[in-house]
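Encoded as structure tokens, the structure appears first; notes follow it.
Rule-based calculations on the coordinates, nothing more; no lab input. Computed from a predicted model, the values in this text were never measured in an experiment. Ideal geometry is used to build each Cβ from the backbone, glycine not excepted, and the neighbour counts take in all protein chains shown.
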């Protein structure tokens with residue numbers, strides 16, 4: 001009975017190991033390089049159009065020539081807000097205009 005339990009446990013662990021991805025995906029936009037590219041596009045769009053709200057900035061980023069909609073297919077308004085907060089750790093005054 002103990003041998004059956006151990007073999008079932010080993011088979012379960014093997015199935016879980018095979019299920020989880022072990023190599024990076026081709027469209028992984030959460031890598032540091034991809035986040036850096038999005039940050040650069042965001043800062044450039046904000047400098048060109050300084051008084052936009054988040055929704056308008058989102059549209060400008062999507063229309064930017066360096067933005068790849070196939071690679072950044074998960075990019076949405078919520079992700080932009082997270083990106084702004086992440087960038088504010090480096091530049092605390094980013095988009096804090098009166």
Between helix 2-19 and the chain, what is the angle of the helix's C-alpha long axis to the longest principal axis, kept within 0 to 90° and rounded to the nearest 10? 30
Quick check on the exposure proxy: order 5, 75, 20 from fewest to most C-beta atoms within 10 angstrom. 20, 5, 75
Residues 7, 22, sorted so that the one with the fewest Cβ neighbours within 10 Å comes first: 22, 7
Value at 222 nm in deg cm²/dmol, rounded to 500, when DSSP H runs of n ≥ 4 in the chain each add -39,500 (n - 2.57): -19000 deg cm²/dmol
By the mean-Cβ-within-10 Å protection proxy, highest first, 64-74, 29-39 rank as 29-39, 64-74
What angle do you read, to the nearest 10 degrees and between 0 and 90, between the alpha-carbon axis of helix 77-88 and the longest principal axis of the chain? 80
Note down the nm distance, to one decimal, between modelled labels 7 Å out along Cα→Cβ at residue 8 and at residue 59. 5.9
I'd like the orientation of helix 32-48 relative to the chain: the angle between its Cα long axis and the longest Cα principal axis, in ° from 0 to 90, rounded to 10. 20
Give me the Debye-computed log₁₀ of I(q)/I(0) at q = 0.19, 0.22, 0.23 Å⁻¹ for segment 1-71, equal point scatterers on Cα only, no solvent, two decimals. -0.81, -0.95, -0.99
Which whole-angstrom value gives the distance between the alpha carbon centres of segment 1-49 and segment 52-98? 22
